[in-house]
Amino acid sequence: MASLSPSLAAARRIVVKIGSALVVDAATAAPREAWLASVAADVTRLRAGGAEVVLVSSGAIALARRSLNLTRRKLRLEEKQAAAAVGQIRLAGAWQSALAAHGLTAAQLLLTLEDSEDRRRYLNARETLRTLLSLGCVPVINENDTVATAEIRFGDNDRLAARVAEMIEADALILLSDIDGLYTADPRRDPEARHLPVVDRMTDEIMAMGGEPPPGYSSGGMRTKLVAAGIATGAGCAMAIAKGETPNPLSALLDGGRCTWFLPAPEGRSARKSWIAGSLAPLGRLVVDDGAARALTQGRSLLPAGVREVEGRFDRGDPVSVRDAAGRELARGLSAYDSDSARRIAGRRTAEIEAILGWRGRDEVIHRDDLVLV
């Protein structure tokens, strides 16, 4: 583990993710107004230090459940969508009021998974956010649960926040939670669990420390936070998991409060490759042989000869996952062929492509410029 942690004070662009349990009072199902006011004060402090701040806030469904008499633990998808439609107005109003008290202008953005997975929509969302920040606004983002389907949704705001941080090239992503960072095991169950103040890089060992989602309103849990860390750090953004229940949680972090910092990958990635790597819903899978797997680790493209199986339905240019015969994910990339064509040329030599398809496409199924190792 590294001895030095990133400094929140040095970050010029910050994304802060806030969960439902922090925003909504469990007893009254109303916004925690005093706590929201303290976060608004923290945002003011960060902006005074020269930082731009984006908030990714949950809470819409939780704010509406009681008034709609939807208090049972498990809601159907259409009930969640209805609750989100009612609660999102309340959530936006709560943040608008808290930020306005400090002279700040709130802006609301509702994003879906497709807004981050489709390249054109991704770029459009990025430019909207950059423009809002240039105008001095504080964007408040949530998943658009009123239209997101069960199959095509983030499902938690940890990963949404990581995609936003990658999208706007943030310096720091802060996940405010009910725990002060990552432990070697669940500290609620294991008294020997050790707190990790700094994580140098994401490894299988680190990912194995993620547990099951906690009970209550939250749909995340430590595992989704670690997935978020992989997305953010791979894009060159530092990430922290910090306790958020007490007032002024960001000021506490600024003043050296206890947390876990995940260090950005030293090599970083280009904006385009960060988008590819951060894809949460690849539309297909390419299973490759051992020779192709070795070639990928050496920085080479994926040729048809190395592909053993093609799974799913996808079009040319869609994101796909590349896996070895054991099912381990090796890379993600943009396919140069649709799924039907990829199946037809799988296992064949490049020179045979034209005879098989009747037209000559690219020599590679995925060119190395469109491929990122994971």
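The values are calculated or read from the model by the stated rules, or taken from the named source; none is laboratory data. This structure is a prediction, so every number in the text was calculated from the model and none was measured. Note that we place each Cβ from the backbone using ideal geometry, even for glycine, and neighbour counts take in every protein chain shown.
Need pairs with beta-carbon distance below 9 Å; first residue in the same structural domain as A240 (by TED's automatic domain parsing) and among the basic types (K, R) and within the stretch 191-217, second loosely packed, with under 14 Cβ neighbours inside 10 Å and at pLDDT 90 or above; sequence gap 6+ or separate chains.
none
Could you run through the stretch 303-342 and say how many residues are within 27 Å of R120 (Cβ to Cβ) and of a type in the set (K, R)?
3
Yes/no per residue for (1) closer than 18 Å to L160 by Cβ; (2) of a type in the set (G, A, S):
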| position | (1), (2) |
| --- | --- |
| Q81 | yes, no |
| A84 | yes, yes |
| T112 | yes, no |
| L123 | yes, no |
| S134 | no, yes |
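Residues checked against (1) surrounded by fewer than 16 Cβ atoms within 10 Å (Cβ to Cβ); (2) outside any loop (DSSP other than H, G, I, E, B):
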{"site": "P282", "(1), (2)": "no, no"}
{"site": "G291", "(1), (2)": "yes, yes"}
{"site": "R294", "(1), (2)": "yes, yes"}
{"site": "R316", "(1), (2)": "yes, no"}
{"site": "S321", "(1), (2)": "no, yes"}
{"site": "A342", "(1), (2)": "no, yes"}
{"site": "E354", "(1), (2)": "yes, yes"}
{"site": "W359", "(1), (2)": "yes, no"}
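Out of the stretch 296-314, which residues are part of a strand (DSSP E or B) and on the phi < 0 side of the Ramachandran plot?
Scanning the stretch 296-314 gives L302, V307, R308, E309, V310, E311.
Quick check on my filter: what residues within the stretch 151-170 are modelled with pLDDT under 85 and β-branched (V, I, T)?
Passing the criteria: only I152.
Take the residues in the stretch 234-269 that are assigned to a loop (DSSP other than H, G, I, E, B) and of a type in the set (K, R), then tell me which one is modelled with the highest pLDDT.
Looking at the filtered set, the residue picked out is R258.
For residues in the stretch 114-146 being among the aliphatic types (A, V, I, L, M) and surrounded by 13 or more Cβ atoms within 10 Å (Cβ to Cβ), which is farthest from R332 (Cα to Cα)?
V138
Residues of the stretch 295-342 being among the charged types (D, E, K, R) and farther than 23 Å from G230 by Cβ, which ones?
Result: R300, R308, E309, R313, D315, R316, D338, D340.
A148 - would you say it is closer than 24 Å to A62 by Cα and at pLDDT below 90?
Yes; evaluated as a whole, the condition is true for this residue.
When you scan the stretch 293-316, how many residues do you find that are farther than 18 Å from E352 by Cα and either small (G, A, S) or in contact (Cβ under 8 Å) with a residue 60 or more places away in the chain (or both)?
Of the residues in the stretch 293-316, 7 are farther than 18 Å from E352 by Cα and either small (G, A, S) or in contact (Cβ under 8 Å) with a residue 60 or more places away in the chain (or both).
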